[in-house]
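Reading through the structure tokens given below for one structure.
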Amino acid sequence: MANSSHNPLPRALLLTLAFCCSTGLLAQPEDLQIPDLTISDTLPINLDADSSEFDRLNNRLVFQGLRLSQGALGIAADDAEANQLDFDNSVWVFRGNVLIESGDTRAWADEATVRFESHRMAYAELRGGPARFEQRRVDSEALAEGRALTMQYDIQGASIRLIDDAWLTDGKNEVSGATISYDLAREYIVADSDPSGQVRMKIIPPEESRSSP
């Protein structure tokens, strides 16, 4: 068996290190200021809707103009449905102008499937043409933005995975590929290659470097 110390680093990890070092996204551990984005399960979930009905034939609840909120986390959509009014362990489907907000992060989609666990919004899969998100970065006024046809949002884990025609920018530099994972708390990027085997990056030099002779 070959010595594991001689194994090459995975391509995604090498690309991550290269991108983070060149853009300043890779902070030293002691410099990280990681916000607590988790939601306490003691917070109530508030539900407001323009109208609602119970579809007895399919045993499901249907809402129009639904707005859910729990602390700093909220979801709004034109329509939503669930098989029960229970947030302990349930799956809800939201359609039309879906908006998910959590602190400084916002995500938009045409449709989202949201899983609730232990009375908390835990996970969402967003789909659109494309689904997208933005986050105001802690260290500046710049916005981190991303988009893809599918977006997996780990709400409790504070991370987003962009899948299929994925693109992300930290407010200056850009990266695109088949799949991009973004740690919302650490502002940390991992990009996998696209079907052609490539990851595309656009690194913009600092303004002072561009203005120097």
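Summary table below
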{"item": "Number of positions in the stretch 159-173 that are surrounded by fewer than 21 Cβ atoms within 10 Å (Cβ to Cβ) and touching a Phe, Trp or Tyr at 6+ places or on another chain (Cβ under 7 Å)", "result": "1"}
{"item": "Subset of the stretch 112-133 [open to solvent by 60 Å² or more (accessible area, probe 1.4 Å) and in a strand (DSSP E or B)]", "result": "Arg115, Glu117, Arg120, Arg127, Gly129, Arg132"}
{"item": "The stretch 108-138, residues that are small (Gly, Ala, Ser) and over 15 Å from Gln156 (Cα atoms)", "result": "Ala109, Ala112, Gly128, Gly129, Ala131"}
{"item": "Candidate set: the stretch 134-158, residues that are open to solvent by 40 Å² or more (accessible area, probe 1.4 Å) and part of a strand (DSSP E or B); chosen: the one farthest from Ala122 (Cα to Cα)", "result": "Leu143"}
{"item": "Residues (touching a Lys or Arg at 6+ places or on another chain (Cβ under 9 Å) and of a type in the set (D, E, K, R)) located in the stretch 137-171", "result": "Glu145, Arg147, Asp154, Asp165, Asp170"}
{"item": "Positions within the stretch 61-90 being within 22 Å of the chain's Cα centre (by Cα) and in a loop (DSSP other than H, G, I, E, B), in sequence order", "result": "Gly71, Ala72, Phe87"}
{"item": "Failed item, numbered, when Phe87 is tested on (1) in contact with a Ser or Thr (Cβ under 9 Å, 6 or more places away or on another chain); (2) at pLDDT 90 or above; (3) within 22 Å of Asp48 (Cβ to Cβ)", "result": "(2)"}
{"item": "Hits in the stretch 94-111 (condition: open to solvent by 50 Å² or more (accessible area, probe 1.4 Å) and in contact (Cβ under 8 Å) with a residue 24 or more places away in the chain)", "result": "Glu101, Gly103, Asp104, Arg106, Trp108"}
{"item": "Failed criterion for Val91 (all others in (1) open to solvent by 70 Å² or more (accessible area, probe 1.4 Å); (2) in contact (Cβ under 8 Å) with a residue 40 or more places away in the chain hold)", "result": "(2)"}
{"item": "Single residue of the stretch 179-201 satisfying the filter (at pLDDT below 85 and part of a strand (DSSP E or B)) that is most open to solvent (accessible area, probe 1.4 Å)", "result": "Arg200"}
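The values are calculated or read from the model by the stated rules, or taken from the named source; none is laboratory data. It should be emphasised that the depicted structure is a prediction, and the values quoted were computed from it without experimental measurement. Ideal geometry is used to build each Cβ from the backbone, glycine not excepted, and the neighbour counts take in all protein chains shown. Please note that ligands, DNA and RNA were not included when accessible areas were found on the heavy atoms of the full protein model with its side chains. Shrake-Rupley method; radii C 1.70, N 1.55, O 1.52, S 1.80 Å.
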